[in-house]
Amino acid sequence: MAQHVRGVIARAKGEPVEITTIVVPDPGPGEAVVDIQACGVCHTDLHYREGGINDDFPFLLGHEAAGVVESVGEGVTEVAPGDYVILNWRAVCGQCRACKRGRPQYCFDTHNAKQRMTLLDGTELTPALGIGAFADKTLVAAGQCTKVDPAASPAAAGLLGCGVMAGIGAAINTGEVGRGDSVAVIGCGGVGDAAVAGARLAGARRIIAVDIDDRKLEKARSVGATHTVNSRGTDPVEAIRELTDGFGADVVIEAVGRPETYRQAFYARDLAGTVVLVGVPTPEMNIELPLLDVFGRGGALKSSWYGDCLPSRDFPMLIDLYLQGRLDLDAFVTETVGLDDVEEAFARMHQGDVLRSVVVL
Ligand code: APR
Ligand code: ZN
Ligand code: ZN
(Lines give C-alpha, C1' and ligand atoms only; values in the text may rest on other atoms or scores of the structure.)
(Ligands and ions follow the chains in the order given, each with its own letter.)
Protein backbone atom coordinates (compact mmCIF):
# COMPACT_ATOMS: atom_id res chain seq x y z
CA MET A 1 0.00 0.00 0.00
CA ALA A 2 1.36 3.38 -1.02
CA GLN A 3 1.58 5.75 1.93
CA HIS A 4 0.82 9.46 2.26
CA VAL A 5 3.42 11.32 4.32
CA ARG A 6 4.80 14.86 4.73
CA GLY A 7 7.67 15.97 2.54
CA VAL A 8 9.52 19.23 1.82
CA ILE A 9 9.55 20.04 -1.88
CA ALA A 10 10.95 22.72 -4.16
CA ARG A 11 8.23 23.24 -6.73
CA ALA A 12 9.84 25.83 -8.99
CA LYS A 13 13.13 27.62 -9.43
CA GLY A 14 13.97 30.04 -6.63
CA GLU A 15 10.63 29.70 -4.86
CA PRO A 16 10.58 29.00 -1.13
CA VAL A 17 10.26 25.34 -0.28
CA GLU A 18 6.91 24.02 0.86
CA ILE A 19 5.77 21.19 3.03
CA THR A 20 3.18 19.02 1.37
CA THR A 21 1.76 15.51 1.18
CA ILE A 22 3.75 13.06 -0.89
CA VAL A 23 3.02 9.51 -1.96
CA VAL A 24 5.61 6.87 -1.11
CA PRO A 25 4.99 3.57 -2.92
CA ASP A 26 5.81 0.15 -1.53
CA PRO A 27 9.40 -0.87 -2.16
CA GLY A 28 9.95 -2.71 -5.42
CA PRO A 29 12.70 -5.25 -6.08
CA GLY A 30 15.97 -4.04 -4.59
CA GLU A 31 14.35 -1.12 -2.78
CA ALA A 32 13.59 -0.10 0.80
CA VAL A 33 11.24 2.36 2.48
CA VAL A 34 12.99 4.15 5.33
CA ASP A 35 11.31 5.93 8.23
CA ILE A 36 13.44 9.08 8.45
CA GLN A 37 14.52 10.18 11.93
CA ALA A 38 16.86 13.06 11.08
CA CYS A 39 18.14 14.85 8.00
CA GLY A 40 20.78 17.60 7.84
CA VAL A 41 20.34 20.77 5.78
CA CYS A 42 23.09 20.98 3.14
CA HIS A 43 24.10 23.59 0.53
CA THR A 44 23.21 21.10 -2.18
CA ASP A 45 19.53 21.22 -1.17
CA LEU A 46 19.62 24.98 -1.64
CA HIS A 47 21.34 24.55 -5.01
CA TYR A 48 18.50 22.26 -6.11
CA ARG A 49 15.93 24.84 -5.06
CA GLU A 50 17.78 27.55 -6.97
CA GLY A 51 17.80 25.44 -10.12
CA GLY A 52 21.59 25.21 -9.98
CA ILE A 53 21.75 21.43 -10.43
CA ASN A 54 19.08 20.66 -13.03
CA ASP A 55 15.55 21.59 -13.99
CA ASP A 56 13.79 18.42 -12.91
CA PHE A 57 11.35 20.21 -10.60
CA PRO A 58 9.62 19.44 -8.33
CA PHE A 59 12.40 18.17 -6.08
CA LEU A 60 11.93 16.28 -2.84
CA LEU A 61 14.77 17.80 -0.83
CA GLY A 62 17.03 16.39 1.90
CA HIS A 63 19.85 13.87 1.60
CA GLU A 64 21.89 13.67 4.84
CA ALA A 65 19.77 11.26 6.75
CA ALA A 66 19.46 8.46 9.25
CA GLY A 67 16.38 6.39 9.90
CA VAL A 68 14.90 2.94 10.39
CA VAL A 69 14.11 0.56 7.55
CA GLU A 70 10.36 0.04 7.48
CA SER A 71 9.98 -2.43 4.63
CA VAL A 72 12.08 -3.94 1.88
CA GLY A 73 11.27 -5.20 -1.61
CA GLU A 74 11.94 -8.49 -3.28
CA GLY A 75 15.49 -9.78 -3.26
CA VAL A 76 16.82 -7.32 -0.69
CA THR A 77 19.47 -8.93 1.50
CA GLU A 78 21.57 -5.92 2.57
CA VAL A 79 19.10 -4.65 5.16
CA ALA A 80 15.93 -5.78 6.93
CA PRO A 81 12.97 -4.00 8.55
CA GLY A 82 14.02 -2.49 11.87
CA ASP A 83 17.62 -1.85 10.86
CA TYR A 84 18.99 1.57 11.83
CA VAL A 85 20.68 2.99 8.74
CA ILE A 86 22.50 5.98 7.29
CA LEU A 87 21.57 6.76 3.69
CA ASN A 88 24.19 7.35 1.02
CA TRP A 89 23.88 8.93 -2.40
CA ARG A 90 26.18 6.53 -4.18
CA ALA A 91 25.02 2.92 -4.15
CA VAL A 92 27.78 1.41 -6.23
CA CYS A 93 26.97 -1.08 -8.98
CA GLY A 94 29.91 -3.46 -8.67
CA GLN A 95 29.83 -4.05 -12.43
CA CYS A 96 31.17 -0.95 -14.18
CA ARG A 97 34.77 -0.41 -15.17
CA ALA A 98 35.49 1.75 -12.11
CA CYS A 99 34.03 -0.84 -9.73
CA LYS A 100 35.84 -3.69 -11.44
CA ARG A 101 39.15 -1.87 -11.19
CA GLY A 102 38.66 -1.59 -7.44
CA ARG A 103 37.67 2.06 -7.49
CA PRO A 104 33.99 1.98 -6.55
CA GLN A 105 34.38 5.58 -5.34
CA TYR A 106 34.24 6.48 -9.04
CA CYS A 107 31.34 4.17 -9.95
CA PHE A 108 29.49 5.73 -12.86
CA ASP A 109 26.40 3.54 -12.76
CA THR A 110 25.18 4.20 -9.24
CA HIS A 111 21.94 2.49 -8.38
CA ASN A 112 20.03 5.13 -6.51
CA ALA A 113 16.28 5.27 -6.04
CA LYS A 114 14.18 5.47 -9.16
CA GLN A 115 11.87 8.49 -9.38
CA ARG A 116 8.79 6.75 -8.07
CA MET A 117 7.56 9.06 -5.33
CA THR A 118 4.88 11.53 -6.39
CA LEU A 119 2.66 14.40 -5.32
CA LEU A 120 -1.03 13.61 -4.68
CA ASP A 121 -1.87 14.53 -8.29
CA GLY A 122 0.61 11.97 -9.58
CA THR A 123 3.41 14.43 -10.51
CA GLU A 124 6.72 12.62 -10.19
CA LEU A 125 9.19 14.00 -7.65
CA THR A 126 12.93 14.11 -8.17
CA PRO A 127 14.55 13.11 -4.88
CA ALA A 128 17.63 15.21 -4.08
CA LEU A 129 20.73 13.09 -4.80
CA GLY A 130 18.42 10.10 -5.21
CA ILE A 131 17.35 10.30 -1.56
CA GLY A 132 14.70 12.93 -0.67
CA ALA A 133 14.78 12.70 3.11
CA PHE A 134 13.05 15.88 4.31
CA ALA A 135 10.07 13.57 4.62
CA ASP A 136 8.56 11.23 7.16
CA LYS A 137 9.48 8.34 4.88
CA THR A 138 11.38 7.91 1.67
CA LEU A 139 12.02 5.25 -0.94
CA VAL A 140 15.63 4.36 -1.71
CA ALA A 141 17.64 1.57 -3.27
CA ALA A 142 18.63 -0.97 -0.63
CA GLY A 143 22.28 -0.32 -1.52
CA GLN A 144 21.83 3.25 -0.29
CA CYS A 145 21.27 1.98 3.26
CA THR A 146 24.17 1.20 5.58
CA LYS A 147 23.40 -0.36 8.93
CA VAL A 148 25.07 1.30 11.92
CA ASP A 149 24.94 1.04 15.72
CA PRO A 150 21.51 2.33 16.85
CA ALA A 151 23.07 3.88 19.96
CA ALA A 152 24.18 6.85 17.82
CA SER A 153 21.71 9.76 17.79
CA PRO A 154 19.99 10.22 14.41
CA ALA A 155 20.98 13.91 14.18
CA ALA A 156 24.67 13.03 14.47
CA ALA A 157 24.49 9.87 12.37
CA GLY A 158 22.70 11.47 9.43
CA LEU A 159 25.52 13.97 8.94
CA LEU A 160 27.82 11.19 7.82
CA GLY A 161 25.58 10.80 4.79
CA CYS A 162 27.08 13.85 3.05
CA GLY A 163 29.02 16.92 4.19
CA VAL A 164 30.75 15.57 7.27
CA MET A 165 31.77 12.41 5.42
CA ALA A 166 33.10 14.58 2.58
CA GLY A 167 35.38 16.42 5.01
CA ILE A 168 36.52 13.49 7.15
CA GLY A 169 37.09 11.41 4.01
CA ALA A 170 39.11 14.18 2.35
CA ALA A 171 41.56 13.84 5.23
CA ILE A 172 41.61 10.12 5.94
CA ASN A 173 40.81 8.63 2.50
CA THR A 174 41.91 11.08 -0.18
CA GLY A 175 44.67 12.91 1.71
CA GLU A 176 45.81 9.76 3.52
CA VAL A 177 46.83 11.87 6.49
CA GLY A 178 49.25 9.91 8.64
CA ARG A 179 50.36 10.03 12.27
CA GLY A 180 52.56 13.03 12.91
CA ASP A 181 51.64 14.83 9.69
CA SER A 182 51.05 18.54 9.49
CA VAL A 183 47.75 19.38 7.85
CA ALA A 184 46.30 22.71 6.74
CA VAL A 185 42.59 23.14 6.07
CA ILE A 186 41.55 26.22 4.08
CA GLY A 187 37.90 27.10 4.67
CA CYS A 188 36.31 25.98 7.91
CA GLY A 189 32.61 25.54 7.25
CA GLY A 190 30.98 22.18 7.93
CA VAL A 191 33.15 20.42 5.37
CA GLY A 192 36.44 22.02 6.42
CA ASP A 193 35.77 21.41 10.10
CA ALA A 194 35.03 17.79 9.32
CA ALA A 195 38.41 17.64 7.54
CA VAL A 196 39.99 19.04 10.72
CA ALA A 197 38.25 16.33 12.76
CA GLY A 198 39.40 13.71 10.23
CA ALA A 199 42.99 14.92 10.45
CA ARG A 200 42.83 14.63 14.21
CA LEU A 201 41.41 11.10 13.97
CA ALA A 202 44.30 10.18 11.68
CA GLY A 203 46.83 11.36 14.26
CA ALA A 204 48.02 14.57 12.62
CA ARG A 205 50.35 16.53 14.86
CA ARG A 206 49.77 20.07 13.61
CA ILE A 207 46.38 21.00 12.21
CA ILE A 208 46.24 24.55 10.86
CA ALA A 209 42.79 25.98 10.22
CA VAL A 210 42.51 28.90 7.78
CA ASP A 211 39.39 31.04 7.34
CA ILE A 212 38.41 34.67 6.93
CA ASP A 213 35.97 34.57 9.84
CA ASP A 214 37.20 34.41 13.46
CA ARG A 215 34.02 32.67 14.61
CA LYS A 216 34.77 29.83 12.20
CA LEU A 217 38.34 29.59 13.46
CA GLU A 218 37.19 29.32 17.05
CA LYS A 219 34.88 26.49 16.08
CA ALA A 220 37.67 24.78 14.14
CA ARG A 221 39.78 24.80 17.29
CA SER A 222 37.00 23.05 19.16
CA VAL A 223 37.02 20.14 16.69
CA GLY A 224 40.79 19.72 16.67
CA ALA A 225 42.70 22.59 15.03
CA THR A 226 45.98 23.25 16.85
CA HIS A 227 46.64 26.58 15.07
CA THR A 228 44.42 29.10 13.32
CA VAL A 229 45.11 31.70 10.66
CA ASN A 230 42.73 34.48 9.66
CA SER A 231 43.65 34.98 6.00
CA ARG A 232 41.91 38.33 5.72
CA GLY A 233 44.92 40.21 6.96
CA THR A 234 47.66 37.60 6.63
CA ASP A 235 49.11 35.66 3.71
CA PRO A 236 48.02 32.11 4.63
CA VAL A 237 50.81 30.50 2.59
CA GLU A 238 53.44 32.34 4.62
CA ALA A 239 51.61 31.64 7.86
CA ILE A 240 51.36 27.90 7.12
CA ARG A 241 55.07 27.76 6.25
CA GLU A 242 55.97 29.50 9.49
CA LEU A 243 53.85 27.09 11.49
CA THR A 244 55.55 24.11 9.83
CA ASP A 245 59.18 25.05 10.44
CA GLY A 246 59.39 26.70 7.04
CA PHE A 247 58.38 23.62 5.05
CA GLY A 248 54.66 23.79 4.31
CA ALA A 249 52.05 21.21 5.28
CA ASP A 250 52.21 17.52 4.37
CA VAL A 251 48.56 17.68 3.36
CA VAL A 252 46.58 20.80 2.46
CA ILE A 253 42.82 20.51 2.14
CA GLU A 254 40.92 23.20 0.23
CA ALA A 255 37.28 23.39 1.38
CA VAL A 256 36.10 26.69 -0.09
CA GLY A 257 35.96 26.24 -3.86
CA ARG A 258 37.53 29.50 -5.08
CA PRO A 259 40.51 30.13 -7.39
CA GLU A 260 42.53 32.06 -4.80
CA THR A 261 42.16 29.37 -2.17
CA TYR A 262 43.05 26.63 -4.68
CA ARG A 263 46.21 28.56 -5.42
CA GLN A 264 46.97 29.01 -1.73
CA ALA A 265 46.51 25.29 -1.17
CA PHE A 266 48.94 24.51 -3.98
CA TYR A 267 51.70 26.70 -2.56
CA ALA A 268 51.10 25.91 1.11
CA ARG A 269 52.16 22.30 0.81
CA ASP A 270 55.57 20.90 1.53
CA LEU A 271 57.69 19.42 -1.26
CA ALA A 272 56.07 16.08 -2.15
CA GLY A 273 53.01 17.08 -0.16
CA THR A 274 49.43 16.41 -1.14
CA VAL A 275 46.78 18.95 -2.06
CA VAL A 276 43.19 17.80 -1.68
CA LEU A 277 40.50 19.81 -3.40
CA VAL A 278 37.09 19.41 -1.78
CA GLY A 279 35.51 22.79 -2.55
CA VAL A 280 33.39 22.58 -5.68
CA PRO A 281 34.35 25.18 -8.32
CA THR A 282 31.95 26.73 -10.83
CA PRO A 283 32.49 26.07 -14.55
CA GLU A 284 33.99 29.56 -15.08
CA MET A 285 36.79 29.16 -12.55
CA ASN A 286 40.35 28.83 -13.84
CA ILE A 287 43.78 29.17 -12.33
CA GLU A 288 47.19 29.33 -13.92
CA LEU A 289 50.02 27.40 -12.33
CA PRO A 290 53.57 27.57 -13.67
CA LEU A 291 54.37 24.04 -14.87
CA LEU A 292 57.77 24.30 -13.30
CA ASP A 293 56.13 24.69 -9.89
CA VAL A 294 53.97 21.63 -10.51
CA PHE A 295 56.99 19.64 -11.68
CA GLY A 296 59.41 20.98 -9.13
CA ARG A 297 57.29 20.42 -6.04
CA GLY A 298 56.34 16.82 -6.68
CA GLY A 299 53.61 15.30 -4.58
CA ALA A 300 50.00 14.99 -5.59
CA LEU A 301 47.10 17.18 -6.54
CA LYS A 302 43.88 15.30 -5.81
CA SER A 303 40.18 16.03 -5.78
CA SER A 304 37.90 14.43 -3.26
CA TRP A 305 34.37 13.51 -4.15
CA TYR A 306 32.15 12.36 -1.24
CA GLY A 307 35.36 11.94 0.72
CA ASP A 308 36.26 8.94 -1.45
CA CYS A 309 34.13 7.06 1.02
CA LEU A 310 32.93 3.50 0.94
CA PRO A 311 29.75 3.77 2.99
CA SER A 312 29.74 0.11 4.02
CA ARG A 313 33.25 0.49 5.43
CA ASP A 314 33.28 4.10 6.63
CA PHE A 315 29.84 4.74 8.13
CA PRO A 316 29.89 1.93 10.74
CA MET A 317 33.52 2.68 11.58
CA LEU A 318 32.94 6.40 12.14
CA ILE A 319 29.80 5.74 14.17
CA ASP A 320 31.77 3.40 16.41
CA LEU A 321 34.48 6.04 16.86
CA TYR A 322 31.75 8.53 17.72
CA LEU A 323 30.29 6.18 20.34
CA GLN A 324 33.77 5.68 21.79
CA GLY A 325 34.12 9.44 22.21
CA ARG A 326 36.89 9.74 19.61
CA LEU A 327 34.91 11.69 17.01
CA ASP A 328 32.60 14.48 18.14
CA LEU A 329 29.82 14.42 15.56
CA ASP A 330 27.56 16.38 17.92
CA ALA A 331 29.85 19.38 17.46
CA PHE A 332 28.55 19.66 13.90
CA VAL A 333 24.91 19.88 14.92
CA THR A 334 24.37 23.59 15.57
CA GLU A 335 20.60 23.24 15.98
CA THR A 336 17.81 20.76 15.52
CA VAL A 337 14.67 22.00 13.78
CA GLY A 338 11.36 20.69 12.46
CA LEU A 339 10.25 19.83 8.96
CA ASP A 340 8.56 23.27 8.77
CA ASP A 341 11.84 25.11 9.32
CA VAL A 342 13.87 24.15 6.24
CA GLU A 343 13.45 27.54 4.55
CA GLU A 344 14.65 29.37 7.67
CA ALA A 345 17.54 26.95 8.00
CA PHE A 346 18.56 27.81 4.42
CA ALA A 347 18.69 31.47 5.39
CA ARG A 348 20.87 30.79 8.42
CA MET A 349 23.16 28.57 6.37
CA HIS A 350 23.49 31.32 3.80
CA GLN A 351 24.52 33.80 6.50
CA GLY A 352 27.17 31.37 7.72
CA ASP A 353 25.64 31.15 11.19
CA VAL A 354 25.52 27.37 11.43
CA LEU A 355 27.64 24.34 10.69
CA ARG A 356 24.56 22.19 10.31
CA SER A 357 20.88 22.59 11.04
CA VAL A 358 19.36 19.15 11.35
CA VAL A 359 15.69 18.40 10.81
CA VAL A 360 14.57 15.90 13.43
CA LEU A 361 11.39 13.94 12.80
N1 APR B 1 39.68 31.99 2.48
C2 APR B 1 39.43 31.19 3.53
N3 APR B 1 38.20 30.79 3.90
C4 APR B 1 37.16 31.27 3.18
C5 APR B 1 37.35 32.13 2.07
C6 APR B 1 38.68 32.50 1.73
N7 APR B 1 38.93 33.29 0.70
N8 APR B 1 36.12 32.41 1.56
C9 APR B 1 35.22 31.77 2.33
N10 APR B 1 35.85 31.09 3.31
C11 APR B 1 35.26 30.25 4.37
C12 APR B 1 33.95 30.74 4.92
O13 APR B 1 34.14 31.72 5.92
C14 APR B 1 33.35 29.45 5.47
O15 APR B 1 33.73 29.22 6.81
O16 APR B 1 34.98 28.99 3.81
C17 APR B 1 33.96 28.36 4.59
C18 APR B 1 32.95 27.73 3.64
O19 APR B 1 32.05 27.04 4.42
P20 APR B 1 30.53 26.78 4.04
O21 APR B 1 30.04 27.90 3.18
O22 APR B 1 29.83 26.44 5.29
O23 APR B 1 30.61 25.50 3.07
P24 APR B 1 30.77 23.96 3.38
O25 APR B 1 29.47 23.32 3.55
O26 APR B 1 31.79 23.75 4.45
O27 APR B 1 31.37 23.46 1.97
C28 APR B 1 32.62 23.95 1.50
O29 APR B 1 33.02 22.08 0.07
O30 APR B 1 31.73 20.28 -0.55
C31 APR B 1 32.14 21.55 -0.90
O32 APR B 1 30.28 22.41 -2.16
C33 APR B 1 31.00 22.53 -0.96
O34 APR B 1 32.35 24.08 -2.17
C35 APR B 1 31.76 23.81 -0.90
C36 APR B 1 32.87 23.49 0.09
ZN1 ZN C 1 24.98 17.39 1.05
ZN1 ZN D 1 30.10 0.73 -10.64
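The values are calculated or read from the model by the stated rules, or taken from the named source; none is laboratory data. If you're wondering where the values come from, they're calculated on a predicted model, not measured in any experiment. Don't worry about glycine lacking a Cβ; one is built from the backbone with ideal geometry, like all the others, and counts go over all protein chains shown. These area figures cover heavy atoms from the full protein model, side chains too; ligands, DNA and RNA do not enter into them. Shrake-Rupley method; radii C 1.70, N 1.55, O 1.52, S 1.80 Å.
Points worth noting:
- Taking the DSSP beta bridges with both ends in the chain, the antiparallel portion is around 55 percent.
- Rounded to 10°, Cα long-axis angle of helix 311-323 versus longest principal axis of the chain: 80 degrees
- Over the chain, accessible surface divided per residue gives 42 Å², non-protein components excluded, 1.4 Å probe.
- Note on Ile240: accessible area is roughly 0 Å² with a 1.4 Å probe, heavy atoms of protein only.
- Helix 190-201 axis, angle to the chain major axis (alpha carbon atoms, nearest 10°): 70 degrees
- Segment 76-233, relative contact order [Cα under 8 Å, separation at least 6], %: 17 percent
- A simple rule links phi to the HN-Hα coupling: the Karplus curve 6.51 cos²θ - 1.76 cosθ + 1.60 with θ = phi - 60°, which for segment 216-228 gives 5, 5, 4, 5, 4, 4, 5, 9, x, 5, 9, 9, 10 Hz, with x for Gly and Pro.
- Most mobile listed residue (Glu284, Glu242, Glu343) in the chain, GNM with C-alpha springs under 10 Å: Glu284
- Ordered by 1.4 Å accessible area with all protein chains kept, Glu260, Glu288, Glu335 run largest first as Glu288, Glu260, Glu335.
- Contact order for segment 162-283, expressed relative to its length and based on alpha carbon pairs under 8 Å spaced 6+ residues apart, stands at 25 percent.
- Taking every C-alpha pair closer than 8 Å and separated by at least 6 residues, the mean separation divided by the residue count of the chain gives a relative contact order of 17 percent.
- Accessible surface of the chain [probe 1.4 Å, protein heavy atoms]: carbon and sulfur percent: 50 percent
- Estimated from helical segments only, the mean residue ellipticity of the chain at 222 nm is -7000 deg cm²/dmol, where each DSSP H run of four or more residues counts as -39500 (n - 2.57).
- Alpha-carbon centroid distance for the pair segment 26-72 / segment 270-312, whole angstrom: 30 Å
- Normalised by 2.2 N^0.38 Å, where N counts its residues, the alpha-carbon radius of gyration of segment 168-304 equals 0.92.
- Within segment 79-145, the chymotrypsin sites (Phe, Trp or Tyr not before Pro) that combine a DSSP coil assignment with at most 16 other C-beta atoms in a 10 angstrom radius are Phe108.
- Considering only Met117, Met349, Met285, the Gaussian network model of the chain with Cα springs below 10 Å gives its largest mean-square fluctuation to Met285.
- Computed over protein heavy atoms with a 1.4 angstrom probe, the accessible surface ordering of Asp26, Asp314, Asp136, largest first, is Asp26, Asp136, Asp314.
- Summarising the amide proton neighbourhood of Asp136: residues at separation of 5 or more, or on other chains, whose placed amide H is nearer than 5 Å comprise Arg6.
- Pairs of Lys residues in the chain are counted when their Cα atoms are under 29 angstrom apart and they lie 8 or more places apart or on different chains; the count is 10.
- Ordered by 1.4 Å accessible area with all protein chains kept, Arg348, Arg356, Arg205, Arg116 run largest first as Arg205, Arg116, Arg348, Arg356.
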